[in-house]
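Asker: What follows is a single structure, and I will ask about it in a moment.
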Amino acid sequence: MTATPSHHRRPTSLQAWAPWASFVSLLATVVVTTVLFAIGAWRRRWMSDDGLIVLRTVRNLLAGNGPVFNAGERVETNTSTLWQYLIYVGAKLTDARLEAIAMWLALVLSVAALAIATATTGLLWRRARTGAGRTQLILPFGALVYLALPPARDFATSGLEWGLSIFWLAVLWALSLWWIETRPGADEPESFATWVLAFWVGLSWLVRPELVLYGGVFGLVMLFGAANWSRRAMILLVAVPVPLAYQIFRMGYYGLLTPHTAVAKSASDAMWGTGWVYIEDLANPYAVWFGLAMVLLVAGLALGFGPQAFVARSASWQHIRKNRVAAARSAATITTAMIVVALLHFAYVIRVGGDFMHGRMALIPLFALLLPVMCLPVFDLRPTRLLTHWPVSVLSLAGFVGLVCWSWLIVDGAHKGKVPADLSAGKVVVDERSFYAQFTGVERPLYATDFAHFERMTGYTKAIATYEEDGQVGMMVPIRTGVDDNGDNLYGWLAIPRNKYAPQVADAGSPTTVWFTNLGMTSALAPLDVRVLDQIGLANPLAARTERMEDGRIGHDKNLPLEWGVADSPVYVKTLPRYMNQELVLQAEHAQKTEGLQQLVATYREPMSAQRFLTNIKFSLTDGRTLEVDGTAEEYVDLREVADPIHWSVNVQLDEPR
């Protein structure tokens, strides 16, 4: 027997190590991107004013007042149902402050989302036909794009449900891969993966309403891939009950088909031009197009010359007709579905005009679009493949280096967070984190007390203390008190006394009312027996149904006059400051007692009963979709008041300090 020449043994040895090196590259990709994202998100941790709005509902839940923003008024001010209940469960399990619970929940879910998404995509590429994918060098691509963007790291905390949203998407992606890998025969029972995926798909509506796009599309894919009608029925039986049950509860309890925020922001209106400006506000400062181009370059090379994990199982229409189940349960199908629905989500964001927060509404569809390319195979580690495909390897590495350089420049340069002088303009988008850091003087505003330093909150805690001491404050409104030496405005709060002069007025016992745009900070720093309302409609059903202002700022383009709030508060019109229009107060008070508006007021203020629940369901399907409020009160002048208008009769339960 002759010895094997060394030049024959070396390739064999390298070939044996290729699968191990490939696995290590995937593991390193997942670990490195996850750690980098965790560090970046932690360094930019904060709490938004909108995040504090969520916590007000949690406080009422803990106190026993129900899932409401103001005790005695059934208004759903939070878009994400699951998010408020996750914080609620966290509060029941620990004595930590609600702000800390929200921050840690969001951070953990955000980091877990990136880890799950990157690992799932890597496994999908490695599970290629002929096993070639197991010898590919895996490097991060889409994951680098996402974690490099400052808004992505900002909204990894913020007190909002963005961490939960991308976590739901990442798990949907992972469960879909599990589902396509567990394909039973026609005579075999359906896999457990099917039932888990079906349940997860059904939760989409409760995470955020627009995520029903993903739930609906993936649900249709599951139904298309079911072997028979009995399995389709079982998929629906697993997916539908939870969201359907909550939808019935929402309609009966709140009197709406959607969260109240959708009404306040007129989510059905089309504002394409403003929406595109919003996308440019995210894409242009960071040259996102360059980062995406590098990802597409390497993805194209991987599809053309690599293991072809995504296209290997694609099928012609003829094959789909012959083998529908196999076609539906394939990598090509779930990847195509994810990309298509992400693009539809982008279209929806553009259509509604985007948002007033820099990057926020674009992050979820961007994350979904990047899921199939979170990591990519750069080249095959086997020596024979390296030699024959070296041009592809060189181009792929060049794309990776370009992406790394781009991401480093974006992370290092970061967004400077410029705050426009005029925040009321229609197409103004503000870096919310930088805005509150600047105007509170706190680098990382994390707690409600940090927002007490906000300039428009000057004197607010003193006004609240006055209310708690004597209980004779009927309403609190912000006022301008003067200017400083630099010509900047100075602010304070006016505490208007309760109605002592007309005790016969039925609503003289209604709760003390705060009137301010920023609901989060005002409600977080007030006890639960203080009602906090806004003129833009997030917690005010009357304001939510007013006409949008032309060229108003997205999300803040409604403005119910202050006099409407005064008319619904326990103050005496004759004692109001001169700058308030007493005539409009009286007209608004009359308007709220006319039949049309009393029908609306009853949906959220009349005590709950079986009859009220059923009436609310009917209202949500009829007038609840179309009713509008005339803020000028002119159309109500000649209408008669109802004989027995809704009055306050609620016993508010206070919460314990945490």
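The values are calculated or read from the model by the stated rules, or taken from the named source; none is laboratory data. On a predicted model such as this, the values are computed, not experimentally measured, just so you know. Every residue, glycine among them, receives a Cβ derived from its backbone with ideal geometry; neighbour counts consider all protein chains shown. The protein model used for the area step is the full one, side chains on, heavy atoms only, and it has no ligands, DNA or RNA in it. Shrake-Rupley method; radii C 1.70, N 1.55, O 1.52, S 1.80 Å.
Asker: What does the charge add up to near I39, with Lys and Arg as +1, Asp and Glu as -1, over the other residues with Cβ less than 12 Å from its Cβ?
Answerer: On the way: positive: R43, R44, R45, R153; negative: none.
Taking every Cβ under 12 Å from that of I39, the sum is +4.
Asker: Need the full-extension length gain, M549 to A96, defined as separation in residues times 0.36 nm minus the C-alpha distance. One decimal, nm.
Answerer: Values: separation 453, 0.36 × 453 = 163.08 nm, distance 4.11 nm.
Answer, rounded to one decimal: 159.0 nm.
Asker: Ordered by residue, what ³J(HN,Hα) values in Hz, to whole numbers, does region 528-541 give under the Karplus form 6.51 cos²θ - 1.76 cosθ + 1.60, where θ = phi - 60° and Gly and Pro are x?
Answerer: My calculation for region 528-541 gives 6, 8, 9, 8, 10, 10, 10, 8, 9, x, 5, 10, 10, x Hz in order.
Asker: Check L139: other-chain or 5+ apart residues with amide H under 5 Å from its amide H, H built from backbone geometry?
Answerer: Under 5 Å from the amide H of L139 lie the amide H atoms of L376, V378, each far enough along the sequence or on another chain.
Asker: Probe of 1.4 angstrom, ligands and nucleic acids ignored: what's the accessible area per residue over the chain, in square angstrom? Write down the numbers at each step before the final one.
Answerer: Details: 28360 Å² over 658 residues.
Here the per-residue accessible area is 43 Å².
Asker: DSSP loop (so not H, G, I, E, B), at most 16 other Cβ within 10 Å: list which GluC sites (Glu not before Pro) in region 504-613 pass both filters. Walk me through the numbers before you get to the answer.
Answerer: Numbers: sites: E547, E550, E563, E583, E589, E595; in loops: E547, E550.
Loop-located and lightly packed - E547, E550.
Asker: Follow-up question, since we're still on this one. Quick check for me: using +1 on Lys/Arg Cβ and -1 on Asp/Glu Cβ, what's the dipole size of region 96-199 about its Cα centre, in debye to the nearest 20?
Answerer: Working: 7 positive and 7 negative charges, 90 e Å.
For this selection, approximately 440 debye.
Asker: Then there's this: Suppose R0 equals 22 Å; then what is the FRET efficiency for S191 and L220 from their Cβ-Cβ distance, rounded to the nearest 0.05? Walk me through the numbers on the way to the answer.
Answerer: Values: r = 19 Å, r/R0 = 0.84.
Taking R0 as 22 Å, the efficiency between S191 and L220 is 0.75.
Asker: Just name one of N651, S110, G219: the one whose Cα is farthest towards the positive end of the charge dipole of the chain (beta-carbon charges, Lys/Arg +1, Asp/Glu -1).
Answerer: G219
Asker: Counting pairs on different chains as well as pairs 8 or more places apart, how many Lys pairs in the chain have Cα atoms under 26 Å apart?
Answerer: Step by step, the pairs that qualify in the chain add up to 16.
Asker: Could I ask something else about it? Tell me which label goes with the value of P(r) over Cα pairs in 20 Å bins from 0, in percent computed from the coordinates here: [x] 16, 38, 23, 12, 5, 3, 2, 0; [y] 15, 44, 34, 6, 0; [z] 17, 46, 27, 8, 1, 0.
Answerer: [z]
Asker: So, in nm, how far is label A452 from label R480 when the simple model puts each one 7 Å beyond its Cα toward the Cβ?
Answerer: If labels sit at A452 and R480, their model points lie 2.7 nm apart.
Asker: On full extension of the chain, what length is gained from L621 through E641, given 0.36 nm per residue of separation minus the C-alpha to C-alpha distance? All intermediate terms of the calculation are to be shown ahead of the outcome.
Answerer: Values: separation 20, 0.36 × 20 = 7.20 nm, distance 2.49 nm.
Residue separation times 0.36 nm, minus the Cα-Cα distance, leaves 4.7 nm.
Asker: Charges on Cβ only, +1 for Lys and Arg, -1 for Asp and Glu, centred on the Cα centroid of region 533-658; of Y604, A588, L542, which one is farthest towards the dipole's positive end?
Answerer: Y604
Asker: Let me ask another. Among rounded, prolate and oblate, which fits region 108-204 when a ≥ b ≥ c are the square roots of the eigenvalues of its C-alpha gyration tensor, a/c under 1.5 means rounded, and a/b larger than b/c means prolate?
Answerer: oblate
Asker: Quick one: grab the alpha carbon gyration tensor of region 205-272, order the square roots of its eigenvalues as a ≥ b ≥ c, and give me rounded if a/c is under 1.5, else prolate or oblate depending on whether a/b is larger than b/c. Please report the intermediate quantities before stating the final value.
Answerer: Working: a/c = 3.91, a/b = 1.68, b/c = 2.33.
Taking the square roots of the gyration eigenvalues as a ≥ b ≥ c, region 205-272 is oblate.
Asker: Additional query: Kindly rank 262-274, 46-58 from highest to lowest mean number of other beta carbons found within 10 Å of each residue.
Answerer: Details: 262-274: 17.4, 46-58: 24.8.
Going by the mean number of other Cβ atoms within 10 Å, highest first, we get 46-58, 262-274.
Asker: Here is a further query. Counting Lys and Arg as +1 and Asp and Glu as -1, each charge on the Cβ, what is the dipole of region 428-546 about the Cα centre in debye, to the nearest 20? Could you put the intermediate results ahead of the total?
Answerer: Details: 9 positive and 14 negative charges, 83 e Å.
Roughly 400 debye for region 428-546.
Asker: Using θ = phi - 60° and the Karplus relation 6.51 cos²θ - 1.76 cosθ + 1.60, list the HN-Hα couplings for region 292-302 in order, rounded to whole Hz, with x at every Gly or Pro.
Answerer: Values per residue, Gly and Pro as x: 5, 5, 5, 5, 5, 4, 6, 4, x, 5, 5 Hz.
Asker: Charges only on Cβ, +1 for Lys and Arg, -1 for Asp and Glu: so what's the dipole of the chain about the Cα centre, in debye to the nearest 20?
Answerer: Numbers: 54 positive and 54 negative charges, 723 e Å.
It comes to approximately 3480 debye.
Asker: Hey, can you grab everything whose amide H is under 5 Å from the amide H of M475? Only 5+ residues off in sequence or another chain; H modelled, so Pro and N-termini drop out.
Answerer: HN-HN under 5 Å from M475: I496, T513.
Asker: Sequence gap at least 6, Cα distance under 8 Å: using those rules, report the relative contact order of the chain to the nearest whole percent.
Answerer: Numbers: 1151 pairs, mean separation 121.8, N = 658.
Relative contact order of the chain: 19 percent.
Asker: If packing is taken as the average count of other Cβ atoms within 10 Å, what order do 78-88, 444-454 fall into, highest mean first? Don't skip to the end; give the middle numbers.
Answerer: Working: 78-88: 21.9, 444-454: 19.4.
So the peptides 78-88, 444-454, ranked by packing, come out 78-88, 444-454.
Asker: Let me ask something else. For region 545-658, just say rounded, prolate or oblate: build the C-alpha gyration tensor, square-root its eigenvalues into a ≥ b ≥ c, call rounded for a/c under 1.5, and beyond that prolate if a/b exceeds b/c, oblate if not.
Answerer: Rounded, because the longest to shortest axis ratio a/c is under 1.5.
Asker: Out of V263, G64, G163, whose Cα points farthest toward the positive end of the dipole of the chain (charges: +1 Lys, Arg; -1 Asp, Glu; placed on Cβ)?
Answerer: Farthest along the dipole direction, towards plus: G163.
Asker: Next question, about the same structure. Exactly which trypsin sites (Lys or Arg not before Pro) in region 546-595 are in a DSSP loop and have at most 11 other Cβ atoms within 10 Å? It would help to have the intermediate numbers written out before the result.
Answerer: Numbers: sites: R548, R553, K558, K574, R578, K593; in loops: R548, R553, K558, R578, K593.
In loop regions of region 546-595 (DSSP not H, G, I, E or B), the sparsely surrounded trypsin sites (Lys or Arg not before Pro) are R578.
Asker: With a 1.4 Å probe and all protein chains left in place, how much of the accessible area of the chain comes from carbon and sulfur atoms, in whole percent?
Answerer: Working: 17270 of 28360 Å².
Here carbon and sulfur together make up 61 percent of the probe-accessible area.
Asker: First measure r as the distance between the Cβ atoms of V394 and N581, then evaluate 1/(1 + (r/R0)^6) with R0 = 60 Å and state the FRET efficiency to the nearest 0.05.
Answerer: On the way: r = 73 Å, r/R0 = 1.21.
It comes out at approximately 0.25.
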